[in-house]
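Please read the structure below before turning to the comments.
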Amino acid sequence: MSAPGQQRRATAEQPDSDDHRTVRVDGHRVAYAAFGDHDGEPVVAFHGTPGSRLFGRLYDAPARERGVRLLAFDRPGYGASARWPDYAAADAPRVVDAVLADSGVDAAGLLAFSGGTAHALAAAGSDPERFDDVTVVSGAAPPAHVSDQPTPQRVLGALAAHTPRLLGGLLRAQAWAAGRADPDFVAAQYTTDGTDHLPADVLDGTRRDFLEALSGGAGGLVRESAQAVREWPVALGDATGDVYWFHGREDANVPVDAARSVTDALPHATLDLVDTDHLGAVAATRSRVLARHA
């Protein structure tokens, strides 16, 4: 899919830093950045939980090689995007519309990691003709499709629902520690058996993504932790385009049975299992992911 000749920038603001732009959606500021080949095929990236636009850096080099222009935005409450207390996956299509309008793009592929999955599927379901090709890596699943929710998600969900201030304080302390620790400190939260299998750029990129996600506070993560244990405001059947889902057989963050259940429920989905864990699937599939959208 290529960018049209006529650009639409009605919602845009001037760049406010050298690495991102901002748009307004329902009065809320949303930040995004471009990675890869700036003249390439457009793909919108949805970071995990937590995460930020810097998730796109993990794909920057292979995107340049494949001729892909990756547009990655901070969901509200993360990074440089303003808080939006009741933001949910159902609001994602409006954010994507604003980012694409500012970028001069009418249609794009979609790429989601982990907690970004519901948001990407909501965008895909909102206009299947514009967003007819979705790639998911280590995708999260709605509670109804998870037979045994991992303990960390259950704990985060309970804290977010009942003691959000306590959770916010704990997350800020974790960010402080992450800023002073080795990259392994962050990456180990998304692996099953250590981090030796991860390349240095993934370790460093994951740490930077985590720190940027919480740089403006923990509001985004607290909100999404509470949402993660509730059913999605997204109808899986609406995502009628092609969905290609990469998932690690050793994923302890999202059990592989949950990935099988969700892909079975999607109208046109393919599940590709790789011999690695949650974050390892990102490292193992970057070139394959971008080849799909080139």
Among residues of the range 43-68, those that are within 16 Å of the chain's Cα centre (by Cα) and touching a residue at least 24 places away in the same chain (Cβ under 8 Å), counted: 17
Cβ-Cβ under 9 Å pairs, at least 6 apart or on other chains, the range 202-223 side touching a residue at least 24 places away in the same chain (Cβ under 8 Å), far side β-branched (V, I, T) and outside any helix (DSSP H, G or I): V202/T195; A213/T49; G220/T49; L221/T49
Selected residue (criterion: farthest from F131 (Cα to Cα)) from residues of the range 243-259 that are aliphatic (A, V, I, L, M) and in contact (Cβ under 8 Å) with a residue 60 or more places away in the chain: A252
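Matching residues to (1) under 19 Å from V96 (Cα atoms); (2) β-branched (V, I, T); (3) crowded, with 24+ Cβ neighbours inside 10 Å:
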| site | (1), (2), (3) |
| --- | --- |
| D19 | yes, no, no |
| G48 | yes, no, yes |
| L54 | yes, no, yes |
| D60 | no, no, no |
Tally, over the range 102-116, of residues that are part of a strand (DSSP E or B) and either under 18 Å from D39 (Cβ atoms) or not aromatic (F, W, Y) (or both): 4
Residue in the range 85-101 that is farthest from L121 (Cα to Cα), counting only those that are under 17 Å from the mean Cα position of the chain (by Cα) and part of a loop (DSSP other than H, G, I, E, B): Y87
Tally of residues being within 15 Å of Y78 (Cβ to Cβ) and β-branched (V, I, T) across the range 187-224: 2
Which listed residue, of A141, A160, is surrounded by 20 or more Cβ atoms within 10 Å (Cβ to Cβ) and within 25 Å of A284 (Cβ to Cβ): A141
Candidate set from the range 274-294 (those that are charged (D, E, K, R), in contact with a helix residue (DSSP H, G or I) (Cβ under 9 Å, 6 or more places away or on another chain) and touching a residue at least 60 places away in the same chain (Cβ under 8 Å)); member that is nearest to A252 (Cα to Cα): D277
Subset of the range 204-242 (residues that are surrounded by fewer than 20 Cβ atoms within 10 Å (Cβ to Cβ) and either in contact with a strand residue (DSSP E or B) (Cβ under 7 Å, 6 or more places away or on another chain) or within 18 Å of L279 (Cα to Cα) (or both)): D204, R208, L211, D242
Filtered residues of the range 246-265 (kept if touching a strand residue (DSSP E or B) at 6+ places or on another chain (Cβ under 7 Å), crowded, with 23+ Cβ neighbours inside 10 Å and more than 30 Å from A173 (Cβ to Cβ)): F246, H247, A259
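Values quoted throughout were computed directly from the atomic coordinates according to the rules given, and no laboratory measurement underlies them. All values derive from a computational prediction rather than experimental measurement. As a convention, Cβ positions derive from the backbone with ideal geometry for all residues, glycine included, and neighbour counts pool all protein chains shown.
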